[in-house]
1. What size of dipole, in debye to the nearest 20, comes out for segment 235-275 about its Cα centre when the only charges are +1 on Lys and Arg C-beta atoms and -1 on Asp and Glu C-beta atoms?
2. List the residues, sorted by chain then number, that are 5 or more residues from G151 or on another chain and whose placed amide H is less than 5 Å from its amide H.
3. Please report, in debye to the nearest 20, how large the charge dipole of segment 135-272 is about its Cα centre when each Lys and Arg carries +1 at its beta carbon and each Asp and Glu carries -1 there.
4. Going toward the positive end of the dipole of segment 39-195, with +1 on Lys and Arg Cβ and -1 on Asp and Glu Cβ, which of S71, V173, V140 do you reach last?
5. How large is the charge dipole for segment 113-161, taken about the Cα centre, if only the Cβ atoms of Lys, Arg (+1) and Asp, Glu (-1) carry charge, to the nearest 20 debye?
6. With a point put 7 Å past each Cα toward its Cβ, work out how far N280 is from K29 in nm, to one decimal.
Amino acid sequence: NFTISALALAALLQTAMAAGQCGSQSCGKDSPCCVRGYCNSNAMYCSPFNCEAGNSYSESSCWDTAHCVQSSVNFASGNAFAQIADYNGDPSTAAFLSQFEPSNAKQNNGELELTLVKQADGKGFGATVMNTRAFQYGTVEAVMRSGSSGGGVVSSFIIRNDKVGDEIDFEFVGADKGSVESNFYWHDQLDYTKMVKSPTLPDTTTNYHSYAIQWTPDKIVWLINGNAFRTVNRADTWDSASNTFKYPDSESYVSFSIWDGGSGAKGTSDWAGGLIQWDNQPFTMAVKSINIDCYYKGNETTYTPPGSGNNGGDGESTDGESNTSEGDESSTADNTDDDSSSEVNNGDESSEEGEEEEEESVKPSSSKTSSTKTSSVKSASHDEDESSEADDEESRISGDVEEQNDDDESSKTSIKAGASFVRSSSSDARALVASFGGVTAALIAACLF
């Protein structure tokens, strides 16, 4: 009968038009993952820290989030790092992943190197490397040296959720090679007045130090060479106006980055040490190793890597079950005062400048689509008004993109027009048709009459 036909047709059209709206297009099965208005099928688009599930071909198009496991990563060994063009979504193949193409990150001289290079416009293009597993509470410790050997160059060691805007960080600026800055943000509410500098250190660009963040549901502790110099208690972040604790608590990713702060807005440039003097290059930060101790023990996802067709959205989601136990807590610094400073032991390990090697070329991302676009995915900014500067350097995604023209008429067709064709049917049918967009309602009408 009429009502059954309308319901069946509506369900069929709903399935056919299941793709989310990604900017001016809808992602298809061959390029299912959406990022900033563009669709593709590679790691740059489908990795969970970038992929927009609600705007992709289906909710299951984005790759699974792999959760924290106890790990000690030595960048002198294999399976520690991969270029994003080579990554298939399985975290067992790479602990850390480059974020941009062309990539200025590589394993070299037994460590992970991130380099800031000069572009044709005189600005710097750097690198960001992220852990392939998400991390919520625990201790992360990196042995590294900063690449900020000249004014304008910023190096970072960060725990961050880009989608929520929670962040805990160490940041090194070329204006001061004898210390590192610590800060935290909640939901991208940038408050630079909360920044606290470390005690004086030997040159952070030529000496390797151990930098650690201990993050629990109750407090954050920053340590250098095993000594805490700052503690923030969650209880002290209460904001009565919003009736909430402004304390970073979302599952996040550990990352390293180097970027050009000197060419940013005036506040950022002054903070970073002014315009970069390129005669002083190379600007390379180096990470020897990183240890991650998960606060929740045993919460590794039973992981199914992509590639079996599930990311197209036709099969069941490959999300694993997370078995979380709150009983075990990693060690924390119990003898620290709130936002206090103490003497920090200086590392005695110094670096030697190696010969500058040729920049490795990275093969283009594989794609089944036709035209090329560039879009921004990650902003490494330090001022609220710096979004355009961040897009220039640290916020790039290059990939082949499938262009799909909008149907202008679909946006002009009202839902009410489609609903009116089923005015004589049951209220269920009318409600179902009215819930669809204009073009769907129009197609139902065309088929019924």
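Since every read-out is calculated from the coordinates, none of them should be taken as a lab result. If you're wondering where the values come from, they're calculated on a predicted model, not measured in any experiment. No Cβ is skipped: glycine too gets one built from the backbone with ideal geometry, and neighbour counts run over all protein chains shown.
1. That gives segment 235-275 a dipole magnitude of about 160 debye.
2. Those lying under 5 Å, H to H, from G151 are Q277.
3. Charge dipole of segment 135-272: 240 debye, to the nearest 20.
4. Value computed over the given set: V173.
5. About 60 debye.
6. Inter-label distance under the simple model: 5.6 nm.
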